[in-house]
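Taking it in order: structure first as structure tokens, then the write-up.
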Amino acid sequence: MQKLYTDPLTKGMLLLEDWTNKIATSKYNPFYYHGALPQFFLWVLFLTGLLLFAYYIPTIDNAYASEKLINAWTSVDYITNTIPFGAVFRGMHRYAGDAMVLTIVLHVLRVWFTDRYRQYRIVQWLSGVVLLLMVLFIGQTGYYLVWDDRSLILTRMTVSAFDALPLIGGPLKTWFLNGEEITNLTLSNFLFIHIGLSFGLLFGLWIHYVRMQRPVITPPPAINYILVAILLMVVAWMPIASGNMAQLTQQPTSFEIDWFFLWPYWMMANMPLGAYWLVLIVGTVLLCLIPYTAKTPPVEAAEVVLNKCTGCSLCSKDCPYNAIEMVPAPAGSRFKLLATVKEFRCSGCGVCVGACAFDAIDLPNLLDTDVTSQIKALVQN
């Protein structure tokens, strides 16, 4: 069985959760929905983004002869200032993205502090790193689409960063711009990346959840209503506005930074590009290696006592990690199914021991009475 929660960081996190329970009760404690909160904001982003997409025009100049210029910037301005509640939906889209990053950080810290990122959870950790990188890049492409002064600076800074990469820098630049220079095709490519990667998140979430028996994917409705109300208050307090329309003949020198998504550009502006890429690559690799560098106690997989198993499947249903599978019983058995343990998924948590009413599953060298005593000790702490 895994060690009891004795690490100071873990104790501190559990103490914070206990205080929150006293205020919000366990049913509405946000720490118990730390993985569901980012996904709720993802649905908000999908809905508001769909409404914005209906009026967005991905061009940098006027494609047809007209008295009024129609391009990305003017379409965003039309959404913000003309369409009823357009500014509200745009603001919700922006701040839901910021909130998603904030809740992802909460999710990461909670998983780390409670030691839930190693062994059988490595797939969740690695897929989570990929999802985080995707969310950050998707958020950055959202700033390109506005096509104001900030968009132009970010685009040119990204091109410079790609140019600094040996071998792959040139192809990445061509892919990013959808050509060799900024054109109407560039904005179309930004829109494709922004939407395409957003739907790619759904596949990443499937990988993230695939080894979890009962993932919590949505908070209670009351929490959702509160989050939407908070978003609306933030939108009213800090309404979103675009900068000046981007002009390819000009070179803006400063822009307002969103620290949730645009911090890489602050790094890019304050260090050599070679060092910038080194920090990003090394930082990503270190994040991926965290589960492998932690001191990991050996896991003792549960064992099924076949002459006691009745095939009731309670242990399989209660196992949080899909480590127990019900298989056809051999010929001559009184029961149709028997439990079998997938050792590579078993965490030795003992949940199955408590689920079985027939003492048909045990942990090696640990009696079910010992499991019960450890559970009581955890509850008392």
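For the chain, the cysteines with no partner cysteine C-beta closer than 4.7 Å are Cys288, Cys309, Cys312, Cys319, Cys346, Cys349, Cys356.
For region 150-256, what class follows from the C-alpha gyration tensor (a ≥ b ≥ c being the square roots of its eigenvalues): rounded when a/c is under 1.5, otherwise prolate if a/b is larger than b/c, else oblate? Note, shape of region 150-256 comes out oblate. Fewest neighbouring Cβ atoms within 10 Å first, the residues Cys312, Cys356 line up as Cys312, Cys356. For the listed residue pairs Lys22/Lys376; Lys317/Lys376; Lys336/Lys376; Lys308/Lys342; Lys27/Lys317, the alpha carbons are over 27 angstrom apart in Lys336/Lys376.
Among Leu337, Leu52, a tally of other beta-carbon atoms within 10 Å of each Cβ gives an order, fewest to most, of Leu337, Leu52. I need the fraction of alpha carbon pairs in region 119-171 separated by more than 16 Å, rounded to a whole percent. That fraction is 60 percent. Dipole magnitude for the chain: computed about the Cα centre from +1 point charges on Lys and Arg Cβ and -1 point charges on Asp and Glu Cβ, it is near 900 debye. Sorted on the mean count of surrounding Cβ atoms within 10 Å across their residues, most packed first, peptides 143-155, 25-37, 254-266, 84-96 read 143-155, 84-96, 25-37, 254-266.
Computed from the coordinates by the stated procedures, all read-outs in this text should not be read as laboratory data. Worth saying up front: this structure is predicted, and the values here are computed from it rather than measured. Using ideal geometry, Cβ is built from the backbone for each residue, glycine included, and neighbour counts are taken over all protein chains shown.
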